[in-house]
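These notes are about the structure you will find just below.
Values in this text are rule-based calculations from the coordinates and carry no lab data. Everything numeric here is computed off the predicted structure, so don't read it as measured data. Heads up, the Cβs are rebuilt from the backbone with ideal geometry, glycines too, and the neighbour counts pull from every protein chain shown.
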Amino acid sequence: MKKLLALLITLLCFGVTLDSVAQTETKPKKEKKEKAKDKAEDKKDKKEDKKDKKEDKKDKKEDKKDKKEDKKDAKTDKGKKDKLEDKADKKEDKKDKKEDKKDKKEDKADKKEDKADKADKKSQAKVKPAAKTDDGKEADGNTRKKVAGADKTVGKDDKGRTIYQGPRGGQYYINSNGNKTYLKADDKL
């Protein structure tokens, strides 16, 4: 048995070596054919690439020409149109600026008027009520001069009291206690 097994192994090894030798002999022939085919294909590819490159160059030249023509046309058309549009835009901007200035001036004037109105309302709202102990008589001359200071005299009321006008436009008289008593809006002179 041992001899048979050894014989089988040697036959197998011999068969494998023959097979590998046979493959090595056929490989070069196949490789040569494949190399020849590859070279032929490479040549065809190179020719096609050259043709493509030539076509690309032609397309680029045509594109450049078209762009130059477009630029020339745009310059002539845009130049005239742009100048006219710029002039019109400038005129509109000037008008807008003038209107804005007028609006600002009007706003300032309105604000000043509002402030003056608020000041008048505040002065009227801050009117001190008449003293409870006021008997309707007027203070003596020295007291009136001290309290009234530089306020303007408006006139005299029905009871003979001297009426003064304050810096904010309110009217008052000086009572017997030496305090300012402001007149209501209905009682003003």
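Please report the net charge: other residues with Cβ closer than 14 Å to the Cβ of Asp103, K and R +1, D and E -1.
On the way: positive: Lys95, Lys97, Lys98, Lys101, Lys102, Lys104, Lys105, Lys108, Lys111; negative: Asp96, Glu99, Asp100, Glu106, Asp107, Asp110.
Here the charged neighbours net out to +3.
Among 171-180, 32-41, sorting by the average number of other beta carbon atoms lying within 10 angstrom of each residue, highest first, gives 171-180, 32-41. With 31 Å as the limit, the listed pairs Lys122/Lys146; Lys43/Lys68; Lys105/Lys146; Lys115/Lys184; Lys58/Lys83 have Lys43/Lys68; Lys105/Lys146; Lys58/Lys83 beyond it between alpha carbons.
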